[in-house]
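The values are calculated or read from the model by the stated rules, or taken from the named source; none is laboratory data. The structure presented is a predicted model; accordingly, all values stated were derived computationally and were not measured. Backbone-built Cβ (ideal geometry, glycine too); neighbour counts: all protein chains shown. All accessible areas refer to the heavy atoms of the entire protein, side chains included, with ligands and DNA or RNA removed. Shrake-Rupley method; radii C 1.70, N 1.55, O 1.52, S 1.80 Å.
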Amino acid sequence: MQAWKRSVLWAATLAAGSFVAPADLGAQGRTFTTIERGRYLVQAGDCAACHTNPGGKPFAGGLAIATPFGTIYSTNITPDPQTGIGKYSLDDFYDAMHRGVRRDGEYLYPAFPYPWFTRVTREDAAAIKAYLDTIEPVRQPDRKPELPWPLSMRVVMKGWNTLYFHEGEYQPSSDRSAEWNRGAYLVEGLGHCGACHTDKSVLGGPNRDEHLQGGDFGEHWYAPSLAGGLREGLGNWSEKEIVQYLKTGANAHSTAGGPMGDVIRHSTQYLRDDDLKAIAVYLKDLPAPAGSSDSDQAATNADQAYARGKAVYVDNCNGCHMDDGKGLDGIFPALAGSSAVQSENPDTLLHIVLAGAAAVQTPEKPTGFRMPAFDWKLSDDEVAAVVNYIRHGWGNRAPDVDSKEVAKVRDAVLETGGSSTSGG
């Protein structure tokens with residue numbers, strides 16, 4: 001699916017004084033511990049990213065989420081009784097999370113990732129509801145989706161659910177460790193990683209046969225594979241490097257920005273180290289896709305076919321990413337061996353070259369180095385040439401890119417006004 005699954009380029013910071021006074025908590029039957037747990041789970045689910053509109057009140061909704069079928073607007077999840085979820089009981093809230101059904105019985109669209117949230121336990125759902133009940137109520141009516149008939153009729157989601165929705169809380173695997181199960185619960189549930197990192201059908205449903213093996217999530221961004229492949233996956237990442245990436249936004253293999261940078265900026269950097277470690281343990285256990293090969297698949301005539309791309313690289317990229325493509329550890333990301341560089345879908349790499357890239361800023365890496373945009377300097381042919389050189393240099397292997405593919409991404413960048421951030 002397109003941008004409705006991505007994390008947007010910002011998230012609201014909760015305003016001071018947005019919580020109910022401590023004296024009110026006991027009267028409302030909530031404990032500080034439960035509320036703080038709910039706050040943590042809301043961050044784990046990156047809820048603010050979609051439910052807060054730029055310049056709007058926290059969690060009041062109204063964010064336009066583009067899909068291939070039309071525009072959907074996020075809903076108000078503040079405790080306002082008229083326009084928010086103030087009248088939602090715990091059962092109502094759990095039904096929305098677990099079954100994708102609103103309080104009035106209407107189906108939700110999967111722009112709200114209930115196909116993943118259904119795995120969240122009732123206890124965690126209760127903590128999330130307890131936290132949301134403490135934020136400032138905002139009177140802001142929800143906007144109706146702009147979808148063509150018959151998609152404008154929510155009842156059609158019943159058929160979609162039959163095809164793609166598998167209801168049920170996460171059930172721990174008895175033959176796996178508690179740490180592995182915790183990681184699976186976060187990745188497959190609140191983290192809803194598959195919403196971006198899994199390919200989609202023409203109807204927008206996740207392709208279960210390609211689970212977490214990479215997916216296109218719109219505006220010419222591609223979420224790389226999280227499976228065990230060495231070229232297109234995390235096969236050459238250690239558990240420690242996965243934790244480092246999710247906590248700081250960078251490691252020896254990659255630097256995050258754009259959609260993934262937002263996930264780190266507003267979600268994963270706040271997760272406890274034990275939860276990040278659990279995520280890493282689970283991801284490292286994912287096998288490489290069936291039929292994939294990490295050996296050289298074909299001889300590449302690098303000296304001749306990619307000579308032009310090498311020249312562009314030397315003139316524009318060499319200063320940061322170095323002759324050997326290894327960059328500078330912790331500063332400029334390596335291109336050699338990068339799973340993002342070698343992804344079957346080149347959109348993220350093209351987006352980076354054209355629109356530039358800004359590393360996510362976190363407390364442990366506050367600098368946020370920036371890569372300049374080259375859309376003003378390089379033609380479509382030159383971008384294709386340098387990208388092909390990068391995708392075949394230093395042992396990398398990936399399909400060639402042509403200038404027509406570059407032009408499509410360039411048009412998308414221009415349409416959105418360009419970007420100073422990008423994903424890795």
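Quick notes on this structure:
- Whichever residue in segment 128-155 is open to solvent by less than 50 Å² (accessible area, probe 1.4 Å) and outside any helix (DSSP H, G or I) and, among such residues, is nearest to TYR88 (Cα to Cα): ASP133
- Checked against the criterion of being assigned to a strand (DSSP E or B) and either touching a residue at least 40 places away in the same chain (Cβ under 8 Å) or not β-branched (Val, Ile, Thr) (or both), the candidates ILE85, ILE35, ILE65, ILE77 yield just one match: ILE65.
- Taking the criterion of being under 14 Å from VAL387 (Cβ atoms) and of a type in the set (Lys, Arg), the residues of segment 304-328 that qualify are ARG308, LYS310.
- One residue alone among ALA252, ALA290 is open to solvent by 20 Å² or more (accessible area, probe 1.4 Å) and free of Cβ contacts under 8 Å to residues at least 12 places away in the same chain, and that residue is ALA290.
- Pair list, Cβ under 7 Å, 6 or more apart: segment 191-212 residue at positive phi and among the polar types (S, T, N, Q), other residue part of a strand (DSSP E or B) and open to solvent by less than 50 Å² (accessible area, probe 1.4 Å): none
- Looking across segment 111-123, the residues that are open to solvent by 10 Å² or more (accessible area, probe 1.4 Å) and either under 19 Å from GLU36 (Cα atoms) or without any contact (Cβ under 8 Å) to a residue 24 or more places away in the chain (or both) come down to THR121, ARG122, GLU123.
- Test: residue in segment 375-390 that is at pLDDT below 85 and either of a type in the set (Ser, Thr, Tyr) or open to solvent by less than 40 Å² (accessible area, probe 1.4 Å) (or both): no
- Verdict on ASP329 being open to solvent by 60 Å² or more (accessible area, probe 1.4 Å), farther than 20 Å from LEU234 by Cβ and either modelled with pLDDT under 80 or acidic (Asp, Glu) (or both): no
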